[in-house]
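Taking it in order: structure first as structure tokens, then the write-up.
The values are calculated or read from the model by the stated rules, or taken from the named source; none is laboratory data. Computed from a predicted model, the values in this text were never measured in an experiment. Please note: Cβ atoms are built from the backbone with ideal geometry, for glycine as well, and neighbour counts cover all protein chains shown.
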Amino acid sequence: MLDLLPDLFDNYADKLTLLPPMFKSYGGANFFSGQVVTVKCFRDNSKVKELLAQDGTGKVLVVDGQGATDCALMGDMIAESAARNGWHGVVIFGCVRDVATLKTIALGIQAIGANPIKTEKKGVGEINIAVEIYGVTISPHSYIYADANGVAVSNEALDTSVLNL
């Protein structure tokens with residue numbers, strides 16, 4: 001199966017909220033899901049790098065980069081670290097870079113754009129707070145489900161075994 005969200009919405013429409021269709025898939029994984037860890041940062045990916053260097057087994061990092069598109073909050077080295085540490089995916093309300101290389105990494109990555117410019121490293125950001133992206137509140141410990149059709153949020157883990165993944 002390459003498409004996760006159509007079947008999820010067919011079975012769990014009342015438990016899912018779809019983020020507006022602004023996100024594009026950049027990672028090597030066609031679809032991904034997991035429990036949410038959040039980080040809010042602005043033009044500084046220090047906390048993104050810090051979190052993705054930790055064990056993320058079964059988790060998805062949601063990065064509220066406040067929609068800034070003038071620099072990238074993740075590139076190939078941070079994505080490789082995330083994949084090594086068991087993260088299922090990363091959703092970035094901001095940009096990524098090294099996009100050709102990102103497609104070769106076994107990690108789900110959704111972002112609103114690409115920009116080759118790196119961020120400054122100031123160590124600034126907030127971890128595990130509720131974030132709002134396009135009017136949708138995403139809380140730590142909620143769940144993300146994503147594929148080429150988009151990104152959806154649920155307040156509970158959904159049984160994907162009914163989908164024959």
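Return the residue satisfying two criteria in turn: it lies in the range 112-165 and is part of a strand (DSSP E or B) and loosely packed, with under 13 Cβ neighbours inside 10 Å, and of such residues it is farthest from the chain's Cα centre (by Cα).
The qualifying residue farthest from the chain's Cα centre (by Cα) is 126.
Does any residue in the range 118-130 that is farther than 23 Å from residue 76 by Cβ come within less than 9 Å, Cβ to Cβ, of a residue that is at pLDDT below 95 six or more places away or on a different chain, and which pairs are these?
From residues that are farther than 23 Å from residue 76 by Cβ, the pairs are 128/141.
Can you name the residue in the range 30-59 that is at pLDDT below 95 and farther than 22 Å from residue 130 by Cβ and, of all such residues, is farthest from the chain's Cα centre (by Cα)?
Going through the qualifying residues, I end up with 30.
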